[in-house]
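Here the structure comes first, spelled out in C-alpha cells, and everything after it is commentary.
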Amino acid sequence: MEEEKKTEGNAEKTMLEGAKKEGQTTPVITRSMMEESCPSCGVETEPKIPAVLPDAGWSTERLVEAIKDENMLVRSNAILILSKRSPSEALEPLIEALKDDEYIVKTNAMVAIAAFGQQVAERMISALDDENPDIRAGAAWVLGELKDQRAVPALERVAQDNYPLARIQAKASLLAMGRGPKKEEPPKKEEPNE
C-alpha cells in the first residue's frame with residue numbers, strides 16, 4: 001500500500017514537472033484531494049488527475065467545452081484560463097459555470113467574473129433576474145465585490161429570494177456596499193439638572 005502511494009506520487013510529480021517544462025498551467029491540487037477520502041465532503045475516493053489539463057494555448061471554444069468536462073480539475077483549470085481572456089469571449093461561459101455542482105468550480109467562476117471589474121457590472125445586474133438560482137447567487141456575490149451602487153435595488157429584491165444562497169449573497173453584498181440594516185443609535189443620556 002505504501003509503495004503504491006509512492007508510485008502514484010512519483011507519477012503525479014513527473015506529470016507536473018512535464019507541464020512546467022512545456023509552459024502549461026499546472027493544476028491546483030490540495031492535500032485533501034490527494035487523501036483517500038474527504039472528511040468534509042464525504043467523498044471516499046480521491047479525484048482522478050486527468051492526463052491533459054487545459055492550458056493557455058487552448059482556444060476559447062476548447063476551454064468552454066472543458067468547463068463541461070466530468071473532471072472537476074479540468075473544469076476549474078479551464079475557468080482559471082478563461083479568466084485571462086477578454087470578457088466578450090469568456091463572460092457568458094463563466095456565468096454558465098456558476099451552475100456547476102462543485103462549489104470550488106462555482107467559486108473560481110465568481111472570482112474570475114469579478115476580476116473583469118466594472119465592465120461586467122451591467123451583465124451581472126441582469127443576471128440577478130436569471131431563472132437559475134445559482135446564477136442569481138453568483139451574480140449577487142460578484143456585485144458585492146464590484147460595489148456598484150446601481151445594483152442596490154436588484155440586490156434588495158434578491159435579498160428576498162426563495163433560494164437561501166442567493167438571499168445570503170445579496171445581503172452580504174448589500175452590507176459590503178454599506179447598505180445593511182440601519183444601526184439604532186443608543187439613547188442619549190440625560191444630563192442631570194444642576
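Give ALA127, ALA151 a once-over and let me know the one that is in contact with a helix residue (DSSP H, G or I) (Cβ under 9 Å, 6 or more places away or on another chain), surrounded by 16 or more Cβ atoms within 10 Å (Cβ to Cβ), closer than 19 Å to ALA97 by Cα and hydrophobic (A, V, I, L, M, F, W, C). Quick ask: steps written out before the conclusion?
Numbers: ALA151 fails: closer than 19 Å to ALA97 by Cα.
That would be ALA127, the only listed residue that is in contact with a helix residue (DSSP H, G or I) (Cβ under 9 Å, 6 or more places away or on another chain), surrounded by 16 or more Cβ atoms within 10 Å (Cβ to Cβ), closer than 19 Å to ALA97 by Cα and hydrophobic (A, V, I, L, M, F, W, C).
Restricting to segment 92-124, give me the number of residues that are part of a loop (DSSP other than H, G, I, E, B) and surrounded by fewer than 23 Cβ atoms within 10 Å (Cβ to Cβ). Walk me through it before giving the result.
Step one: list which residues in segment 92-124 are part of a loop (DSSP other than H, G, I, E, B), which gives 98-102, 116.
Within this subset, residues satisfying the condition of being surrounded by fewer than 23 Cβ atoms within 10 Å (Cβ to Cβ) are 99-102, 116.
Residues meeting the conditions: 5.
Listed here are the residues, each with its yes/no results for (1) without any contact (Cβ under 8 Å) to a residue 12 or more places away in the chain; (2) β-branched (Val, Ile, Thr); (3) out of contact with any Ser or Thr (no Cβ under 8 Å at 6 or more places or on another chain).
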{"position": "THR60", "(1), (2), (3)": "no, yes, yes"}
{"position": "VAL64", "(1), (2), (3)": "no, yes, yes"}
{"position": "ALA78", "(1), (2), (3)": "no, no, yes"}
{"position": "GLU89", "(1), (2), (3)": "no, no, no"}
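This table checks each residue for (1) at pLDDT 95 or above; (2) assigned to a loop (DSSP other than H, G, I, E, B); (3) under 13 Å from the mean Cα position of the chain (by Cα).
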| residue | (1), (2), (3) |
| --- | --- |
| VAL64 | yes, no, no |
| ILE79 | yes, no, yes |
| ARG85 | yes, yes, no |
| ALA90 | yes, no, no |
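Can you tell me which condition ASP134 does not meet? The list is (1) out of contact with any Phe, Trp or Tyr (no Cβ under 9 Å at 6 or more places or on another chain); (2) in contact (Cβ under 8 Å) with a residue 12 or more places away in the chain; (3) over 18 Å from ALA176 (Cα atoms); (4) charged (D, E, K, R), and all the others hold.
Failing condition for ASP134: (1).
Got a number for residues in segment 126-158 being over 17 Å from the mean Cα position of the chain (by Cα) and part of a helix (DSSP H, G or I)? Walk me through how you get there before you give the answer.
Within segment 126-158, the subset over 17 Å from the mean Cα position of the chain (by Cα) is 126, 129-131, 147-158.
Going one step further and asking which of them are part of a helix (DSSP H, G or I), we end up with 126, 149-158.
Within segment 126-158, residues that are over 17 Å from the mean Cα position of the chain (by Cα) and part of a helix (DSSP H, G or I) number 11.
The values are calculated or read from the model by the stated rules, or taken from the named source; none is laboratory data. Please read all numbers here as calculations on a predicted model, not as lab measurements. With ideal geometry, Cβ positions are generated from the backbone for all residues, glycine too; neighbour counts draw on all protein chains shown.
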